[in-house]
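Heads up, the thing below is written out as structure tokens.
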């Protein structure tokens, strides 16, 4: 976190809620006599974490501290260890940022676990590691292309409203289902059970229209448009170019001219990213990649990297 604060001072990072709960489990569970007491405490703690507003957070935390005032060590641990970073995991603050539903590091850990399965052991040389990683990536690309082909040609069976007509086969099934969940909430609303105020967390965190936006769209006879959905969920992105379509035979002059023509239409952050990549290519060091030396030993080989 210190590196992010120093090098990316304008970025907003979140803490993994799964790891927080795991640490609370290891430090606090021993102070609860029964499993039911522990489960009840976790439910109260989750109410604090999922508070939608600052006032809601203050109220939930106040109730928890009052209810478990006899568990002084538990309260002190949470208050001193995690609450100083509450802006990084409590919904009242974290839901102000576009995290696309990623509030835990499970995706990264899943990718790490998959790579370990392909590598099989920690004793492979550079050639073996390279081949196995390439094999893993090829498999992932194949699975991705299969899923992409399916979503480009099929429609989720549970979604049959005409309001979705413009985004079928253009937005991922996952995003369509999340929007449909909001749509169902809006359709189930009644005068006795209205929608209530809109926290807009679906828009701010997922980049998807919420139930209130969908209500307005239907009242105006509008359809959900591709522009109302964050580009992350689009099946076809304007900046993505398949490797098969890349022309590596173009001269440097042609490439530079194409770059200049496209550069002006990019957003400021895309322009900045492009300039950084060019700077790395021009000014960055060129490091040779060599296989490690493998000295002859009596036991397992010892790799020496130069």
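Just so you know, all these numbers are worked out from the coordinates, no wet-lab data involved. A quick note: this is a predicted structure, and the numbers were derived from the prediction, not measured. Please note: Cβ atoms are built from the backbone with ideal geometry, for glycine as well, and neighbour counts cover all protein chains shown.
If R0 is 30 Å, the Cβ-Cβ spacing of residue 250 and residue 146 corresponds to a FRET efficiency of close to 0.45. What separates the Cα centres of the range 124-191 and the range 1-54 is a distance of 29 Å. GNM on the chain, alpha-carbon springs under 10 angstrom: the most fluctuating residue among 51, 142, 94 is 142. If you run the Gaussian network model on the chain, springs between alpha carbon atoms under 10 Å, then out of 168, 25, 89 the most flexible one is 25. Going through (i) 1.77; (ii) 1.32; (iii) 0.97, the figure that equals Cα Rg over 2.2 N^0.38 Å as computed for the structure here is (ii). Taking a ≥ b ≥ c as the square roots of the eigenvalues of the Cα gyration tensor, the range 106-153 is classed as oblate, since a/c reaches at least 1.5 and a/b does not exceed b/c. Mind checking which of 210, 134, 200 has the largest fluctuation in a GNM of the chain, springs on alpha carbons under 10 Å? The residue with the greatest mean-square fluctuation here is 134.
For the range 79-120, what does the alpha-carbon gyration tensor say about shape, rounded, prolate or oblate, given a ≥ b ≥ c as the root eigenvalues, a/c under 1.5 as rounded, and a/b over b/c as prolate? Oblate is the answer for the range 79-120, as a/c is 1.5 or above yet b/c matches or exceeds a/b. In plain terms, the residue of 283, 44, 95 with the fewest other Cβ atoms within 10 Å comes first and the most crowded comes last, giving 283, 44, 95. The distance linking the range 68-94 with the range 205-220 is 34 Å (Cα centroid to Cα centroid, whole angstrom).
Residue exposure proxy: 113, 172, ordered by other Cβ atoms within 10 angstrom of their Cβ from fewest to most, comes out as 113, 172.
As a length-normalised measure over Cα pairs under 8 Å and 6 or more apart, the relative contact order of the chain settles at 15 percent.
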